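A short worksheet on the structure shown next.
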Amino acid sequence: MKGIFLAVLITMLMSFAAQAQEVRYIDAPKFEGQIYLYDNPSKEDIDFEQWYEIENRGQFVRNVKVPTLIPYLPDVRNSNGAAIIIAPGGAFLHHTFGSGGYEAAEWFKSQGFATFILKYRVEITPREEADYQAYVAEKMAGYRAGGLSGKYAPATPDYAFEDVNAAVKLLRSRAEEFNIKPDKIGIVGFSAGALMAVHGKSEE
C-alpha cells in the first residue's frame, strides 16, 4: 500500500510541475451520450467546470462538480459483452484527458469493450489561473516537506469513491441498454484514479 501511495505522490508532483507550462482555457467539449451519475444537476454546477489545454499534453478539466460517464461504445458486432470504466488521474485536483482518458477509451473500444470515461468530482480550486498556480505550489511544498505523513499526504476523497460506486451501479442497472453483462464491469485507473480502482466497490 505504501508503494502505491509513493507512486501516486510522484505522479502528482510531475503533474503539478506540468502546470507551469502555457495553459489555454477552452470551451467544454460536447460529448455525445454523456450520462449524469445523479439526477437533476443544475446548469450552474455543470458550467462551473473549467477545461484547458497544455501544449503537447492534451486536455484537462478542473472544478468538476457534476460527475458523468462519457461513453465509447463498440459496434454491437464487435462487442465482447464487458465494460470498462476509466478513472483519469490528476491528484483529485483535475482530470488528465489524454493518454489516461481519450486514448485509453479508444483502445478499449477497439478491443470490443463498452468503455466509459468517469469524470468524477474533484477538489474545488481557485478559478483564476494565477491563484490556482499559487495553490498548486503550496501543495507541492507540502508534499516535499511532509511526504506520506504530512498535511497534504495523498488521500482519496469520499465523494470520489461515491462516484465510482455510483458509476458501477448505473451500468449494472442499464446493462441491457449498453449490451454488457452486469458481472463484467471493470475499472481502470491512472494515478489518482488508480486509487479509486483499487479501493472502490459498488454496493448492491
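Readers should treat all values here as calculations from the given coordinates under stated rules, not as data from a laboratory. Note that the coordinates shown come from a computational prediction; the quantities given were computed from them, not determined experimentally. All Cβ positions, glycine included, derive from the backbone under ideal geometry; neighbour counts span all protein chains shown.
Some points to look at:
- Backbone amide hydrogens, once placed in the peptide plane, bring Q59 within less than 5 Å of F97, G98, excluding anything fewer than 5 places away on its chain.
- Spin-label pair E103/E176, simplified geometry with 7 Å Cα→Cβ offset, distance in nm: 3.9
- Hypothetical label at K169: residues of the range 88-119 whose amide nitrogen lies under 19 Å (7 Å Cα-Cβ projection): 118-119
- V23-K65 pseudo-label distance in nm [points 7 Å out on the Cα-to-Cβ vector]: 1.9
- Legend: ranking of residues S191, S79 from fewest to most surrounding C-beta atoms inside 10 Å; resulting order S79, S191.
- Other-chain or far-sequence residues with amide H under 5 Å of G186's (modelled H): A83, I84, I85
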